[in-house]
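The values are calculated or read from the model by the stated rules, or taken from the named source; none is laboratory data. Small disclaimer: the values here were computed from a predicted structure and weren't measured. Note that each Cβ is placed from the backbone with ideal geometry, even for glycine, and that neighbours are counted across all protein chains shown. Each accessible area value is taken on the protein alone, full model and side chains, heavy atoms only, with ligands, DNA and RNA left out. Shrake-Rupley method; radii C 1.70, N 1.55, O 1.52, S 1.80 Å.
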Protein chains: 2
Amino acid sequence: MPRDEQALKATVEQSAAVLTAAGFPRMPARVLMALLVAEAGGLTASELGDRLGVSAAAISGAVRYLSQIGILHRVPQPGSRRDRWEFLDDAWYTALMAKSPVYGVIADLGDRAADAIGDESDIGAARAREMARFYRFIDARMPDLMREWEELREG
Amino acid sequence: MPRDEQALKATVEQSAAVLTAAGFPRMPARVLMALLVAEAGGLTASELGDRLGVSAAAISGAVRYLSQIGILHRVPQPGSRRDRWEFLDDAWYTALMAKSPVYGVIADLGDRAADAIGDESDIGAARAREMARFYRFIDARMPDLMREWEELREG
DNA sequence: CGCCCGATTCACAAATTTGTGAATCTTCTG
DNA sequence: CAGAAGATTCACAAATTTGTGAATCGGGCG
C-alpha cells in the first residue's frame with residue numbers, strides 16, 4: 001500500500017488537535033506529531049515549516065519548547081547548520097505521562113489546604129487529604145506502570 | 001487550630017492554577033477547588049460567586065461544565081431554587097484520570113497514521129504503532145489502577 | 001394570579017495566546 | 001575573513017479564550 005500523504009497529514013492534524021484539547025500548546029503538538037510519522041533521521045526546521053505551512057519562527061519556538069520538556073533532541077548535521085530534530089525515541093510518552101512532577105505538587109497542595117482548614121473532622125479537610133493521598137498514590141504507581149510497559153514492549 | 005481562611009483561599013487558587021496549567025479551563029478549576037474544601041452540603045452558586053469574586057454568569061458556566069463531565073452534581077433544595085453544588089464524592093479524581101476516553105482516541109489515531117504510511121517497515125509507521133500500543137496499554141491499565149486505589153482507600 | 005429572587009443566556013469587552021515578518025545572530029564555505 | 005544560508009528573537013497583529021453586565025427565563029410565595 002502506498003503512502004497516503006493526504007490521509008497522513010489529516011491524521012497528524014487530528015492527533016495534534018487531541019493533544020491541544022488536553023492542554024498541550026498548539027504548535028508544539030503539531031510539530032510533535034509531524035516528527036512522529038517522519039522518516040528516519042528526523043526533519044529539519046525548514047522541512048517542518050513546509051509540511052505544517054507555518055513560519056520558521058513558529059517552528060523555532062515549538063522545537064525549543066519540546067526539547068526543553070525532553071521530548072525531542074537536536075541532531076547536529078556535521079558540516080551544516082541545518083540541524084535535524086528527532087524523537088528521544090522511547091522517552092517521549094513516558095515523559096508525557098510520568099516525568100511531570102505535577103502529581104506530587106497537587107498532593108502537597110491538598111495537604112496544605114487541609115492544614116489551612118485546621119479541623120481534621122471537617123469534611124473539606126477530609127476531601128483535601130484524600131485528594132493528597134490519591135495523587136501521591138498515582139505519583140508512586142506511575143514509575144511501576146512505565147516499567148511494566150517497558151517489559152511488555154521488549155518482551 | 002483555627003481555620004485560616006486566607007491560607008485556604010491562597011491554596012485554592014494555587015491548586016486551580018496547577019489544573020489550569022494542565023489544560024483545565026480556568027473558572028471550572030477554581031470552582032472545583034472551592035467546592036473541594038467547602039463545608040458539608042456544598043455551596044450555592046451565589047456563595048461560589050462571593051468566595052471567588054466573580055459574576056453569577058461565570059459560576060453558571062463553570063458548574064455546567066463540571067457537571068457535564070461528571071464531577072459535580074446539583075443538589076436541589078426542597079422549596080427553593082437556591083440549589084447547592086456538591087462533589088460526586090469519590091468519583092471526581094477517577095473521572096479526572098480515567099473516565100476520559102482520550103487514550104483510546106489517541107491510540108486509534110496512531111494506528112490510522114501507520115495505515116496512511118502504508119509501509120510497516122517505515123520508522124514513522126513503527127513509531128505510530130508504538131504510540132497506539134502505549135496508549136492502549138494505559139487505557140487498559142487505568143481501571144486496574146483505580147480499583148487498586150479503591151482497595152487502598154477502604155482497606 | 002402576579003410579584004420577586006435567583007439562575008441562565010447572550011452580546012460584547014478585556015486579556016491571553018498564537019503565529020508572522022523583519023531584523024539580528026551564527027557558523028559554514030570559499 | 002567576507003559572503004551567504006539558515007536559525008533565532010522581538011514587536012506587533014490576529015485569533016481565542018475568559019468573564020462581565022444586561023436581559024430573559026422560571027419557579028416559589030403571598
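The rows are residues; the columns are (1) of a type in the set (S, T, N, Q); (2) away from DNA strand C (no atom under 11 Å from the Cβ).
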| residue | (1), (2) |
| --- | --- |
| A:GLU5 | no, yes |
| A:THR11 | yes, yes |
| A:ALA16 | no, no |
| A:MET27 | no, no |
| A:ALA56 | no, no |
| A:ILE59 | no, no |
| A:VAL75 | no, yes |
| A:ARG82 | no, no |
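Please work out which residue is farthest from the other protein chains (Cβ to nearest Cβ), limiting yourself to the range B:107-120 and to residues that are out of contact with any Ser or Thr (no Cβ under 7 Å at 6 or more places or on another chain) and hydrophobic (A, V, I, L, M, F, W, C). Per the stated criteria, the residue is B:ALA107. Within the range A:50-62, being open to solvent by 10 Å² or more (accessible area, probe 1.4 Å) and either within 10 Å of DNA strand D (Cβ to nearest atom) or within 14 Å of another protein chain (Cβ to nearest Cβ) (or both) holds for A:ARG51, A:SER55, A:ALA56, A:ALA57, A:ALA58, A:SER60, A:GLY61. For the structure I just gave you, tell me whether B:ALA140 is at pLDDT below 90, of a type outside the set (Val, Ile, Thr) and closer than 27 Å to A:ARG136 by Cα. No, not satisfied. Restricting to the range B:116-127, and then to whatever is buried (at least 21 other Cβ atoms within 10 Å of the Cβ) and more than 21 Å from A:GLY155 (Cβ to Cβ), can you tell me which residue is farthest from the chain's Cα centre (by Cα)? So, considering only residues that are buried (at least 21 other Cβ atoms within 10 Å of the Cβ) and more than 21 Å from A:GLY155 (Cβ to Cβ), the one farthest from the chain's Cα centre (by Cα) is B:ILE117.
Between A:ALA16, A:ALA22, A:ALA38, the distinction of being surrounded by fewer than 19 Cβ atoms within 10 Å (Cβ to Cβ), out of contact with any His (no Cβ under 9 Å at 6 or more places or on another chain) and either away from chain B (no Cβ under 12 Å) or free of Cβ contacts under 8 Å to residues at least 60 places away in the same chain (or both) belongs to A:ALA22 only. For the range A:121-145, how many residues are more than 8 Å from every other protein chain (Cβ to nearest Cβ), more than 15 Å from A:PRO101 (Cα to Cα) and touching a helix residue (DSSP H, G or I) at 6+ places or on another chain (Cβ under 9 Å)? Of the residues in the range A:121-145, 2 are more than 8 Å from every other protein chain (Cβ to nearest Cβ), more than 15 Å from A:PRO101 (Cα to Cα) and touching a helix residue (DSSP H, G or I) at 6+ places or on another chain (Cβ under 9 Å).
Here B:VAL105 meets each of (1) of a type outside the set (S, T, N, Q); (2) over 30 Å from A:GLU13 (Cβ atoms); (3) modelled with pLDDT under 95; (4) open to solvent by 50 Å² or more (accessible area, probe 1.4 Å) with one exception, condition (2).
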